[in-house]
Amino acid sequence: MDRAPGLMSLKMEMLFAALILAFLQSFVLSDPQGDALYALKLSMNIPNNQLTDWNQNQVNPCTWTNVICDKSNNVVSVTLSDINCSGTLSPMIGALRTLTTLTLKGNGITGGIPKEFGNLSSLTSLDLENNRLSGEIPSSLGDLKKLQFLTLSQNNLSGAIPESLASLQSLINIFTGNHLNCGGLNLHLCESYSGDSGGSHKSKIGIIVGVVGGFVILFLLGGLLFFVCKGRRKGYRREIFVDVAGEVDRRIAFGQLKRFAWRELQLATDNFSEENILGQGGFGKVYKGVLADNTKVAVKRLTDFESPGGDAAFQREVEMISVAVHRNLLRLIGFCTTTTERLLVYPFMQNLSVAYRLRERKPEEPVLDWTTRKRVALGAARGLEYLHEHCNPKIIHRDVKAANVLLDEDFEAVVGDFGLAKLMDVRKTNVTTQVRGTMGHIAPEYLSTGKSSGRTDVFGYGIMLLELVTGQRAIDFSRLEEEDDVLLLDHVKKLEREKRLDAIVDRNLNKNYNIQEVEMMIKVALLCTQASPEDRPAMSEVVRMLEGEGLAERWEEWQHVEVTRREEYSRLQRRFDFGEDSLYNQDAIELSGGR
C-alpha cells in the first residue's frame, strides 16, 4: 500500500526529467546552419530520392551530401546543381554567414531571389543560372562586399540592375537570357551585360568573355575559394559543369573530389602489388586499383616528398589541380595523405598511354593509326593550351612526353601528371631549383637554369610530336650503331634536311599515312623545339598551326634562322674541329648521368 505513492512519485520524476532532457536537446542541439539548409531543401521541393542525409535530426550539416565545411564546422560551400527540383528559395538561407559558394544552377526554381541573400556576408560566388526565377534582383546583393561572381543567366528576371551592385568593382556578372535593363547605369555592370529587352545595351565583351570564358573563369577561380577555407574535406560531391574554352558545345562533369583513407587504397591495389603497376616515372609509381564499388582507378604513389607539416600545402595544390577541367586533361578523383605518404587517384584509362601504344603494345593489339595520332597531337595541344592560358594561376606541366599522354576508351588524348612538379615543390620557394622531367624531353634552358616556363612545355610537346611520327624514344643509344644521333631531335633534323621524310615515319604504319600531314607535323615539332624559348610558339599558336593556320609563315622564318645558325656552327667546326651534334649530345649525356 505504501509503495504506490512512491512509485507514482518516481514515474513523475522520470517524466519530468525526460521533458527537461527533450527541452535541453532541442535547445542545445539546434543548429542554425542545419535549420537553414533543411528549410532550403523543403522549399526547393527536392525529390525524395535525393539528399536523404539532409535530415533535421542529424544535427551536423557538415556530414551532408554536397555541403562543405571548414575545420571549425562552418558551412562554406553548398552545391545543388541539376537535381530536378521545382520549388522556391528559402529566405532562411541568409543565416549562413560563413557561406562562400552557393551553386543552385540547372534546376526549376521559381519565385524571386529573397532579399535575405544580402545577409550572406562571406559569399564570393553565387550561381543561380538556368532556373525559372522571376522578379527583380534584390538591391541587398550590393551588401555582399566579397562577392566576385554572380551568375543569373537563363532565368525570367526583370527590371533594372540594382545600382547597389555598381559598388562591387571586382564583380563578374553574367545576366544573359533575362529581361533586365541597365537603367541609367553607365558602369562596369553594364559592360559585361547582354540582355533581351529593347532598352538594354549589347556589350562588346559580354558574348566573348561572358559566354566563352565566363564559366571557365568562374569555376577556376571559384574553386580556389574551396581551399582558402583550409577545411579538411573528408569527401564531397560537386556536380559542376563548365564550358571548355574554344569548345562551348562540349560540357564536362567536374565530378567528385574525395579524400581517400589509406586502407581504402591499400585494399584497392592489393597492397600496392607489383603486379598492378601501370607505369613508373620521376614522380612515383602508378598502380591499377579497383574501389569497393568496382570503379577502376589509377593510384599514383608519390615519392621524394619531404613535407613535415605539409599536409595543408599539399591539399591546397591538389585542389588547385582539381579545378583545371578540360576534355583533354586527366580528371583528379581524389587524394590521400598520411604522415609519410602522398597519393593521387585518377580514373583508369582503358587504352593506357601513347608511349605504350607506340612501343609496348602486345602483338594482338592494334597499331595506333595515323588518323588517331593526328587527333592525339591536337588534343594534347589543346590540353596544354588550357593549362597555360586559361588557368589562373597557369599550370606548367614540366614533363610533357608520350608516356604522360593517356588514351581514353575512344582513343582521345588526355594529358596526365600536370601540376605534379608544383605539388612536389610545395615545400620550396617560388624559384624552382630542382629540374624535374625526362631526359631528351627537357628544354635546354630548363637544364641550364632550373627555371621552367610555358615554353618549356612547348619543347617537350615538340619532342612528343616526334615520338608520334616516328614511334621512337627521345633518346635511343641503339642509333649509335648506325649514326651519331642519339637524340631523336637531332636524328629527325638530319633526315628532314636530307628530305628523307619516309625514313622518319614509324614503320608500324606500313605507309598508311599522308606524307603532307607528316611533313606538317614535323615542321610544327621543329618549331616547338628551337633552342631559344623566345623563338618557340605558344601552345595556342601550336593549336592553330595543327589546324592549318599560320604554319607556312612561321616555317619560313625558322628556315632563315636555321640556315644562319648552321653556317655559324660550320665556321666553329672548321676552327675548333667539333660539330654541333657532338657538343649537344655530350652535354645531354653528361646531364642525364648526373640525374
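Every number here is computed from the coordinates shown, using simple stated rules; none is lab data. Computed from a predicted model, the values in this text were never measured in an experiment. Counting neighbours? That spans all protein chains shown, and the Cβs are built from the backbone with ideal geometry, glycine included.
Summary table below
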read-out	value
Cα gyration tensor shape for the stretch 469-569, rounded if a/c is under 1.5, else prolate or oblate	oblate
Protection-proxy order for peptides 46-53, 394-401, each taking the mean of Cβ atoms within 10 Å per residue, highest first	394-401, 46-53
Calculated FRET value between Gln280 and His179, using beta carbons and R₀ = 56 Å, to 0.05	0.45
Placed amide H near Leu329: partners under 5 Å, 5+ positions off or other chain	Val415
Contour minus Cα-Cα distance for Glu389 and Thr295 (0.36 nm per residue)	30.6 nm
Surrounding net charge for Glu534, when Lys and Arg each add one and Asp and Glu each subtract one, Cβ distance under 12 Å	0
Where labels lie 7 Å past Cα in the beta-carbon direction, separation of Asn48 and Ser134 in nm	2.9 nm
Projected label distance in nm at Asp270 and Thr449, using a 7 Å step from Cα toward the beta-carbon	4.8 nm
Listed peptides 356-362, 73-79 by packing density, highest first (mean Cβ within 10 Å)	73-79, 356-362
Amide H contacts of Ser121 (H built 1.01 Å from N, under 5 Å, at least 5 apart or other chain)	none
